[in-house]
Amino acid sequence: MKKYGVLLCFLLMLAGCGGQAVHPDSSGKAEESGNAARTELHVAAAASLTDVMKELAAEYEKEHPDIKLVFNFGSSGALQQAIENGGGADLFYSAAQKQMNALQDSGNLVEGTRKDLLENDVVLIVPKEGGKDIKSFEDLTREDVRHIALGEPKGVPVGQYTEEILTKLGILDQVKAKAVYGSDVRQVLSWTETGDADCGVVYATDAAVSDKVNVAAKAPKDSHKPVIYPAAVIKDTKHLEEAKDFLAFTASDKAKAIFETYGFTCK
């Protein structure tokens, strides 16, 4: 009986300790809880790349579960300024050469990583429902066309291309008097979709992702500089090899096929 009493006391003492048991795995080692930390790549990308980049990210993360892609979409000019001010991007995808040239000149790019990836077209769009009968850029000078949505030309590449087109056609001053300026191409698209603007000028790929607008006219190619999308790794990246790998993926045949489904022409 004394033996049973001692054993009972010993068991009661163990129960009162309050410690947590560690459950070993089949190899005898304790299991680690939670997932391994993922490397975040911060990608600054032109607003016109929003939809396609999200699809590319999903594909890339399937193949690279250790990578998480975080996007900052906006006008190329605003993204350029953010990078110059230490915005923390690992990669930059611009909708024009101008902003990438500025970053290269200021020493913000990793040498040898810059690539020309894509080409796009500039189009004039109108609301699908209730829009005015606008069929050409020249129609923008008509008296009944009062609100024209354009990208802000200082920082929004589509706005810069638009000014080139309107200058070539000799109607820039007439159109500027009616212009409402968006902070990026997607704002121009939105204003046209809702009818807040009679029409707008966007990229062909932006028009293609919307079921609320029609393309009224395509800008002649000789009326503006080619719409080229360059990409590069940013010098301040802390994940150089990972950034280079994602950049290479976006230039791969698999990525090109996805870009083309959104209407981009691959270089």
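The values are calculated or read from the model by the stated rules, or taken from the named source; none is laboratory data. As the structure is a prediction and not an experimental result, all values here were calculated from the model. With ideal geometry, Cβ positions are generated from the backbone for all residues, glycine too; neighbour counts draw on all protein chains shown.
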Subject >> For Ile134: the one exception among (1) within 29 Å of the chain's Cα centre (by Cα); (2) touching a residue at least 60 places away in the same chain (Cβ under 8 Å) >> reply: (1)
Subject >> Matching residues, segment 137-173, being closer than 18 Å to Tyr203 by Cβ and among the small types (Gly, Ala, Ser) >> reply: Ala149, Gly151, Gly155, Gly159
Original post:
Is segment 227-238 home to any residue that is closer than 26 Å to Glu260 by Cβ and assigned to a loop (DSSP other than H, G, I, E, B)?
Top reply: no
**OP:** Quick one: in segment 200-219, of everything that is closer than 21 Å to Glu152 by Cβ and either among the small types (Gly, Ala, Ser) or touching a Leu at 6+ places or on another chain (Cβ under 6 Å) (or both), which residue is surrounded by the most Cβ atoms within 10 Å (Cβ to Cβ)?
**Re:** Gly200
**OP:** Run Val158 past the list (1) surrounded by fewer than 16 Cβ atoms within 10 Å (Cβ to Cβ); (2) within 20 Å of Met100 (Cβ to Cβ) and report the number of the one that doesn't hold.
**Re:** (1)
Subject >> Inter-residue pairs, beta-carbon under 9 Å, first not assigned by TED's automatic domain parsing to the domain that holds Asp51 and of a type in the set (Lys, Arg) and in segment 199-215, second at pLDDT below 95 and buried (at least 20 other Cβ atoms within 10 Å of the Cβ), 6+ apart >> reply: none
